[in-house]
Each structure stands twice: as structure tokens, then as C-alpha cells.
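Structure, as C-alpha cells:
The values are calculated or read from the model by the stated rules, or taken from the named source; none is laboratory data. Here the structure is a predicted model, which means the values were calculated and not measured. Neighbour counts run over all protein chains shown; Cβ positions are idealised from the backbone, glycine included.
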Amino acid sequence: MRQKSQYADRARTEQSRRAAIPIIMDEIRSLSALRESEAACTRCPLYRDATQVVPGEGPSGARVMMVGEQPGDQEDRQGHPFVGPAGRMLDRAIVDAGIDRKQVFVTNAVKHFKYEQRGKRRLHKRPNAHEIERCRWWNEIERAIVKPEVIVALGATAARSLLDRTVTIGKLRGEALSIGDSRLIVTIHPSYLLRLRDEESKAREFKRFVEDLRHGARLLDKAA
Ligand code: URA
């Protein structure tokens, strides 16, 4: 365990996150090594109340990376990203957009579940700027290993983490941005669709969401 936590310890005392990433990359070259390091993460307080870390999942050569906000209740219990209701919505949209699910690496901007306990229920709480900033480190390593051609930011937290600034989804939606060697598109988080009450808005917004994912898929065709 001592050895496992050495990366997280080093990270805590870092002078410069950006300067440290290449050094860490020398040691974390695979997704399994990354998972081990993430499991020992104490870079922000969220690890204290979460059941476990929820690392990104998918092939190491995935062409598409989808980045959500943070694990939800189900993800925290099971240790896998997007396995709850938002994940089922995302899976449906991926299929409708004609994207091969096997080519997708799914992950989150923040790797531990943040919640407020209300009786027996654990209510999702948005990660704050500090937590997003501290966790960006892990996504940078994921991106360096997977090297996705296209990244899809699902919602404002993911977009903020990836672009390192606060963003308004409505302003960036529909654009094809660049981040490192990857193209980036920004869209809604699938849980937004779950919160919509009337069926008409739900169907309309789901269609828009699928269209955004198709936009990502078309960028992939261009990159091929
Ligand atoms: N919402 C997210 O942003 N990520 C998950 O893994 C599940 C729900």
C-alpha cells in the first residue's frame, strides 16, 4: 500500500502539476497502473466518504473518450463509470449515434462520488472548483495513455476540467474545439435528460444529444 500511495504523495507535494505530469507518465504507462495509483488518491477530501475510486474504463486505444462529471451512487457502489440511470441513457445515445461502444473510453472529471447523506439516501453534490482542479491530473494521464481522437465533454464540470476554465454549455455546443491532439465537443450531461419532466422535451433534447455525439463521430471519420 505504501508503494501504491507514492504517486499520490508526490502529487500532493508537487510544485507544478504540469511539470510533474511527464515524470508521473514515466511510471504510469498503462491503464492498470493508473487504476492502482488512483485507488490511493488523497489529492482532495472526497476519497474519505466515497466507497471507492471509480476509474475510467474502455480500451487503451479507444478512439473516443467521453468524460462525465463524477460517479453517482451506483457507480460508487460498483466501482465502474456510467452503470446507473445516466449511463443507460448515455448507452442508448451512443447506439443511436452509430458509435461503436467498444471504441469508447468512459470516464469522469472527478473520480470519487460527492454526496450529502439525507437519512438513508445519498444525494449527489456537484464537485467544486478545487476538487475538479485536483482531479484533472488523472484525466490528463488517462488522455496521455488512451490518446483519443475525439473527446466528448458531458456537461459543464467535464468541460471545465478539460478546458481549465468555466464554460457555458450553450455557447460551446455545436463547435469542434481542440485539446492537445484531440478534437473536443461539448454537450449536455445525460442526467439532464433524466430530470426533464415532459416527454416532448425529453424526446427533443435526446435527439439533440444524439446529434452532438454524431458530430463527434463525424470528426472521427475525418481523423481516420
Ligand atoms: N454521472 C457521471 O457523470 N458519471 C458517472 O459515472 C455516472 C453518472
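Consider the stretch 54-85. How many of its residues are crowded, with 20+ Cβ neighbours inside 10 Å and under 13 Å from the mean Cα position of the chain (by Cα)?
Counting residues in the stretch 54-85 that are crowded, with 20+ Cβ neighbours inside 10 Å and under 13 Å from the mean Cα position of the chain (by Cα) gives 16.
Return the residues of the stretch 78-116 that are within 23 Å of Trp138 (Cβ to Cβ), out of contact with any strand residue (DSSP E or B) (no Cβ under 8 Å at 6 or more places or on another chain) and either polar (S, T, N, Q) or assigned to a loop (DSSP other than H, G, I, E, B) (or both); say none if nothing qualifies.
Answer for the stretch 78-116, where residues must be within 23 Å of Trp138 (Cβ to Cβ), out of contact with any strand residue (DSSP E or B) (no Cβ under 8 Å at 6 or more places or on another chain) and either polar (S, T, N, Q) or assigned to a loop (DSSP other than H, G, I, E, B) (or both): Gln78, Gly79, Val83, Gly84, Val110, Lys111, His112.
Tell me whether the stretch 165-172 contains one or more residues that are touching a strand residue (DSSP E or B) at 6+ places or on another chain (Cβ under 6 Å) and basic (Lys, Arg).
No, because not a single residue in the stretch 165-172 is touching a strand residue (DSSP E or B) at 6+ places or on another chain (Cβ under 6 Å) and basic (Lys, Arg).
Every residue, every condition in (1) within 8 Å of the ligand (Cβ to nearest atom); (2) under 17 Å from Leu154 (Cβ atoms); (3) in contact (Cβ under 8 Å) with a residue 40 or more places away in the chain, yes or no:
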{"position": "Glu38", "(1), (2), (3)": "no, no, yes"}
{"position": "Arg48", "(1), (2), (3)": "no, no, no"}
{"position": "Val67", "(1), (2), (3)": "no, yes, yes"}
{"position": "Asp73", "(1), (2), (3)": "no, no, yes"}
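Report yes if some residue within the stretch 80-87 is more than 9 Å from the ligand (Cβ to nearest atom) and under 23 Å from Leu123 (Cα atoms); otherwise report no.
Within the stretch 80-87, not a single residue is more than 9 Å from the ligand (Cβ to nearest atom) and under 23 Å from Leu123 (Cα atoms).
For the condition at pLDDT 95 or above, of a type outside the set (D, E, K, R) and within 16 Å of the ligand (Cβ to nearest atom), what is the one hit in Ile99, Ile132? If you could, list the steps in order and put the result at the bottom.
On the way: Ile99 fails: within 16 Å of the ligand (Cβ to nearest atom).
Just one listed residue meets the conditions, Ile132.
For the stretch 43-53, give me each residue that is over 14 Å from the mean Cα position of the chain (by Cα) and part of a loop (DSSP other than H, G, I, E, B).
Passing the criteria: Arg43, Cys44, Asp49, Ala50, Thr51, Gln52.
Results for (1) under 15 Å from Pro148 (Cβ atoms); (2) of a type in the set (Val, Ile, Thr); (3) in a helix (DSSP H, G or I), shown as yes or no for each residue.
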{"position": "Ser178", "(1), (2), (3)": "yes, no, no"}
{"position": "Tyr192", "(1), (2), (3)": "no, no, yes"}
{"position": "Ser201", "(1), (2), (3)": "no, no, yes"}
{"position": "Val210", "(1), (2), (3)": "no, yes, yes"}
{"position": "Leu219", "(1), (2), (3)": "yes, no, yes"}
{"position": "Lys222", "(1), (2), (3)": "yes, no, yes"}
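Determine the pairs where a residue that is farther than 12 Å from Thr51 by Cβ and away from the ligand (no atom under 12 Å from the Cβ), located within the stretch 107-120, has a partner that is assigned to a loop (DSSP other than H, G, I, E, B) and not hydroxyl-bearing (Ser, Thr, Tyr) with Cβ atoms under 8 Å apart, the partner being 6 or more residues away or on another chain.
From the stretch 107-120, the pairs are Glu116/Lys125.
How many residues are farther than 17 Å from Arg63 by Cβ, of a type outside the set (D, E, K, R) and in contact with a helix residue (DSSP H, G or I) (Cβ under 7 Å, 6 or more places away or on another chain) if we restrict to the stretch 94-114?
4
So which residues in the stretch 117-158 are out of contact with any Asp or Glu (no Cβ under 9 Å at 6 or more places or on another chain), among the basic types (Lys, Arg) and part of a strand (DSSP E or B)?
Passing the criteria: only Arg118.
Go over the candidates Leu193, Leu213, Leu154 one by one and state the one that is within 14 Å of the ligand (Cβ to nearest atom), surrounded by 15 or more Cβ atoms within 10 Å (Cβ to Cβ) and under 17 Å from the mean Cα position of the chain (by Cα). Lay out the reasoning, then the answer.
Numbers: Leu193 fails: under 17 Å from the mean Cα position of the chain (by Cα); Leu213 fails: within 14 Å of the ligand (Cβ to nearest atom).
The match here is Leu154.
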